[in-house]
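Following: one structure in structure tokens, then a few remarks.
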Amino acid sequence: MNKVVLITGGSKGIGKSTCIKFASMGYNVVFNYNTSLDEALKLENDITNNYNVDCLAIKCDLSNEQEIMNMVEIVKSKYNNIDVLVNNAGIAIDSILEDKTKDNFIKTLDVNLIAPFILSREMAKIMTNGSIINVSSTNGIDTYYPYSLDYDASKAGLISLTNNLSQIYAPNIRVNAVAPGWVMTDMNKELDEEYIKEESDKILLNRFATPEEIANVIYFLASDEASYINNSVIRIDGGKKC
């Protein structure tokens, strides 16, 4: 029987590449989307037709606890056991400090931190021996952007959540995090070329990562090859120049 992975924010970017990676390795894939219906249905169809696995796209607003619990029930009813949870979905509502609102700050935390907490708590109940991978960011470690202070705080909190969950779920469930730097997602492709060059010049490899490069590390952490890696945060940032 195929293993099962649940990936949040699976219709685009890192999430989409992660869905494809796990499908290519024989996993049944469940992923959520919120507004990207066309992209989600296309990915669901592509995976179903190109890989010998099941794929299910579920609409779920991760800032809404009831919708999260509805998704949990769908997954539980379809599969008696889940092997991997990838908390990938994230939002950023960038602005200067004076324009930041409590509501936007809370929404950022809801999606980036509270949803991973709820999903980890619920999915662990149907994991026998499993793996949880949280997608944090170098913004949560030592790369700070004042416009993104709420995003940065949420990603730092996700690392703390990783540390605590690894203690709670040991030894049967491994909990790790990845911390990407700049990734050439569709959103970042729209950045000003000069800004991309400035940021790339700070990286030892002189470029942004591809979503596939992040997905490869996420899959590795979930695999048996990483069976002794637990409570770790793996930076994927191309190396910082001194």
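Helix 149-169 and the long axis of the chain differ in direction by around 40°, with both axes built from C-alpha atoms. Between Y33 and I58, K59, C60, the built amide H atoms are under 5 Å apart, and every one of these is 5 or more places off in sequence or on another chain.
Relative contact order, whole percent, for the chain stands at 19, derived from Cα pairs under 8 Å and 6 or more residues apart. Kirkwood radius, the chain, all distinct C-alpha pairs, inverse of mean reciprocal distance: 18.1 Å. Comparing N80, N52, N129 in a Gaussian network model of the chain where C-alpha atoms under 10 Å apart are linked, the largest mean-square fluctuation is found at N80. In straight Cα distance, which lysines are under 22 Å from K100, not counting same-chain residues fewer than 8 positions off? Qualifying lysines at Cα under 22 Å: K155. Here the sum of -39500 (n - 2.57) over DSSP H runs of 4 or more residues, divided by the residues of the chain, equals -13000 deg cm²/dmol at 222 nm, to the nearest 500.
Annotation: the residues V5, V217, sorted from fewest to most other C-beta atoms within 10 Å of their own C-beta, follow the order V217, V5. Among all the aspartates and glutamates, which ones have a C-alpha under 20 Å from K125's C-alpha, if same-chain residues fewer than 8 places away are not counted? Cross-link targets: E65, E67, E73, D83. Please report the net charge: other residues with Cβ closer than 12 Å to the Cβ of E65, K and R +1, D and E -1. So the environment of E65 carries a net charge of -3.
No value in this document is a laboratory result; all are computed from the given coordinates. Keep in mind it's a predicted model, so treat the numbers as computed, not measured. Note that each Cβ is placed from the backbone with ideal geometry, even for glycine, and that neighbours are counted across all protein chains shown.
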